[in-house]
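Derivation of every value follows stated rules applied to the coordinates shown; laboratory data play no part. Here the structure is a predicted model, which means the values were calculated and not measured. Methodologically, a virtual Cβ is constructed for each residue, glycine included, from the backbone with ideal geometry; neighbour enumeration extends over all protein chains shown.
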């Protein structure tokens with residue numbers, strides 16, 4: 001399933017937050033109290049205090065947005081390539097079954113793009129691009145119920161001990 005929204009702040013939201021900080025700077029220049037500014041802008045007082053410190057140290061330029069917190073290692077073009085690789089399936093990349101795991105995707109990224117992600121980083125990357133965890137809706141056709149029942153009755157008690 002794909003989600004419309006990715007993660008983090010959009011460019012528009014970063015501009016909005018920067019505008020809030022600029023309004024706070026006007027209040028600083030007029031000598032307004034931090035609590036009053038926070039109430040007017042509907043933000044936390046601690047944020048206003050942090051902005052006031054930055055403003056007193058570096059002026060209005062210190063309140064400017066620094067852009068996204070981090071840039072993904074894979075660009076949108078490279079992620080499109082990764083999607084095509086994922087569409088080929090795990091068997092095409094040497095795994096014995098048709099199940100993608102975060103660990104396998106991490107390995108694929110390392111092999112294909114020579115970039116190193118953590119397992120959590122892979123999860124964030126996929127979520128940012130609208131991917132979600134998939135769970136099978138029904139049992140596999142190859143499943144043999146008699147073998148499963150026999151295993152649960154005979155083998156599992158021995159393993160459990």
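At-a-glance table
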read-out	value
Qualifying residue in the stretch 124-135 (condition: without any contact (Cβ under 8 Å) to a residue 60 or more places away in the chain, surrounded by 12 or more Cβ atoms within 10 Å (Cβ to Cβ) and outside any loop (DSSP other than H, G, I, E, B))	yes
Leading residue by the ranking (nearest to the chain's Cα centre (by Cα)) among those in the stretch 109-123 that are closer than 18 Å to residue 80 by Cβ and outside any helix (DSSP H, G or I)	117
Restricting the stretch 63-120 to residues that are touching a helix residue (DSSP H, G or I) at 6+ places or on another chain (Cβ under 7 Å) and under 30 Å from residue 48 (Cα atoms), the residue that is surrounded by the most Cβ atoms within 10 Å (Cβ to Cβ)	63
